[in-house]
Amino acid sequence: MWIYEKKLEYPVKIKNPNPTLAKIIISQLGGPDGEIGASMRYLHQRYSCPYNEITGILTDIGTEELAHVEMVSAILYQLTKDLSEEEIKKSGFDTYFVDHTAGIYPVAASGVPFDMKYIASKGDLLTDIHEDLAAEQKARTTYDNILRLCDDPDVRDPIKFLRQRELVHYQRFGDAKQSG
Amino acid sequence: MIDNRQNRNSSDCGCQGINCRGLMKKLKVIDFAITDTVLYLNAYPHCQKALEHYRQLTAERAMLVDAINEKCGPMTHRDNKSCSEWTWTNGPWPWELDAN
């Protein structure tokens, strides 16, 4: 089961709200290669896993991804704090704002809401591990793209942390593939 | 909305000389080290070096989290230490600027 611990895995402290950036970064929440998908993917794959160590890896990485959902949400929350009407209109954030105000709702940057179709849980260990390796690389690429589009060091810092975690997760799934 | 701020993130040496902001930062660092070590141990359960690292980190963590729960506010809803009031829902929540 899950117990909630009242702290972020890594700090998020963004001094300057920026709804333009929020529109992009939201893809790591509700997009095809975002953290919600990652957590759902690993947490669901673990039930059919025949090896204890790999079940452990899926459980613990899946749980860490939930912490990342929270971090991305914290980034979005701080980027969209206290916006003026002018800022909302100028940034194009108005198309999200009209439906969600400054609430956090999982969509991709394109506006498409999160879809469980983005994940696979095939019930076959080799298949699932390959899915997971690909997923971590897709997430890493998405973070690379965010870094290409973002100058603010307060935002870059937690994004770089999250990107680094994808690389480590990739290593761990590689270990799982070797052992399984 | 009633906003009950815990002293969880105070930087001054209030409350018996406890610096909550500093303690919370230490906890985040240790917990992350533990998370990373756990993922490694899941793949390499017999690695003695990693096991020792885990043991050291968790021992340090136990003392730190006791101090935090006591002086700064509960980390989980199982850690409410105050007999006179329920402090679990006190702000700030982790995504707020004040909490970071």
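All of the numbers you see were taken from the coordinates with simple rules; none came from a lab. Just so it is clear, the model here is predicted, and its values are computed rather than measured. All Cβ positions, even for glycine, are placed from backbone atoms using ideal geometry, and neighbour counts span all protein chains on display.
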- Most fluctuating residue given options A:Ile26, A:Ile61, A:Ile88, as computed from a GNM of chain A linking Cα atoms under 10 Å: A:Ile88
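Over chain A, calculate the relative contact order: mean separation of alpha carbon pairs under 8 Å at least 6 apart, over the residue count, as a percent.
Numbers: 227 pairs, mean separation 58.2, N = 180.
Once normalised by length, the contact order is 32 percent.
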- Return the single residue from A:Ala22, A:Ala102, A:Ala38 with maximal mean-square fluctuation; model: Gaussian network over chain A, springs between Cα atoms under 10 Å. A:Ala102
- Note on the structure: Listed residues A:Lys117, A:Lys160, A:Lys13; largest mean-square fluctuation, Gaussian network over chain A with Cα springs below 10 Å, found at A:Lys117
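Size of the dipole of the protein assembly as shown about the Cα centre, Lys and Arg at +1 and Asp and Glu at -1 on the beta carbon, nothing else charged, in debye to 20?
On the way: 33 positive and 40 negative charges, 88 e Å.
The dipole of the protein assembly as shown has a size of about 420 debye.
Rank the residues A:Leu133, A:Leu8 as a footprinting-exposure proxy: fewest other Cβ atoms within 10 Å of their Cβ go first. Spell out each step's value before the answer.
Working: A:Leu133 17, A:Leu8 22.
If I rank by nearby Cβ atoms, fewest first, I get A:Leu133, A:Leu8.
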- Message: Defining a contact as two alpha carbons under 8 Å apart and six or more residues distant in sequence, what relative contact order in percent does segment A:9-109 show?
- Response: 46 percent
- Message: Using only Cα atoms and rounding to the nearest 10 degrees, what angle (0 to 90) does helix A:153-179 make with the longest principal axis of chain A?
- Response: 10 degrees
- Task: Compute the FRET efficiency between A:Lys81 and B:His46 as 1/(1 + (r/R0)^6), taking r as their Cβ-Cβ distance and R0 = 51 Å, and round to the nearest 0.05.
- Result: 0.60
